[in-house]
1. Condition first: of a type in the set (A, V, I, L, M, F, W, C) and farther than 23 Å from residue 139 by Cα. Can you find one or more residues in the range 46-66 that meet it?
2. Of these, 55, 18, 47, which one is within 30 Å of residue 78 (Cβ to Cβ), of a type in the set (Gly, Ala, Ser) and at pLDDT 95 or above?
3. Is it true that some residue in the range 106-126 is buried (at least 17 other Cβ atoms within 10 Å of the Cβ) and under 16 Å from the mean Cα position of the chain (by Cα)?
4. Have a look at 101, 70 and point out the one that is closer than 30 Å to residue 174 by Cβ, in contact (Cβ under 8 Å) with a residue 60 or more places away in the chain and in a helix (DSSP H, G or I).
5. Residues 174, 150, 223, 143: which one is at pLDDT below 75 and not acidic (Asp, Glu)?
6. Does residue 169 qualify as being surrounded by fewer than 14 Cβ atoms within 10 Å (Cβ to Cβ) and assigned to a helix (DSSP H, G or I)?
Amino acid sequence: MSEELRKGFHGELDEIRATVLRMTAMVTEAIPRGTEALLNNDLRAAAQMIEDDDALDLLSINLEEQCYQVLALQQPMASDLRAIVSALRLNSEIERSGDLVVNIVKATRRMYGNEYHPKLRGLIVKMGTEAQRMFRLAGEAYADGDVGLAAALDDIDDRLDELNYENVQAIFEAHNKKEIDLQAAVQLALVGRYYERIGDHAVNIGERVQYMVTGWLPEHTGAVRATARKMQAPADPALNPVELVEGV
């Protein structure tokens, strides 16, 4: 590759990286806005956020097309190839997280007019804060190529899982005490699940960052074990006609 082509290629990589970071920042910023719209029964803010998601979708489509174009025309190797493949996977994780935020604000319409019990309100705020923190850390791990932070996201996610469990328990208690009706209970349980799924996407981003930097995914460990077991497993005589004949 000539020097001029290489400069153009690395310019493309920089653009791809910048777009991923921009999309991550958009979702990170949207999470607390979604929580606020939900808890304040703010239909106008909810409608605006649903409309704003179109900008994220547009970036996602453009990023995917750019990645495919670079793969087809530049035929990158090694770390550059991993960077582009990782951007494609991160694109999906980020765009889906944006959709989950939209699902949260759509619940504003379904929950409109409901008063939130203080305990439930507190849990929603905590889940939103934790989901935002995880997504921000995932973005930082990608920006810095920080493998340690990327790997830590899986453990950090335990807190969001715990909060979601507490949320479900609190919903059951509130419903049993007639503090919320069935429709509100179902919607609040779904909202908790949306926050929890955003955390899962942040963990997935961390795994892809590890792959981008090291070429290794958590799934590789299981694949190695499966290969080792297959190599060590005794042959099944039923699959070997020669051995069956000799054994007669």
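The values are calculated or read from the model by the stated rules, or taken from the named source; none is laboratory data. If you're wondering where the values come from, they're calculated on a predicted model, not measured in any experiment. Note that we place each Cβ from the backbone using ideal geometry, even for glycine, and neighbour counts take in every protein chain shown.
1. yes
2. Values: 55 fails: within 30 Å of residue 78 (Cβ to Cβ); 47 fails: within 30 Å of residue 78 (Cβ to Cβ).
After applying the criteria, what remains is 18.
3. no
4. 101
5. Details: 174 fails: at pLDDT below 75; 150 fails: at pLDDT below 75; 143 fails: at pLDDT below 75.
223 is the lone residue from the list that is at pLDDT below 75 and not acidic (Asp, Glu).
6. Yes, satisfied.
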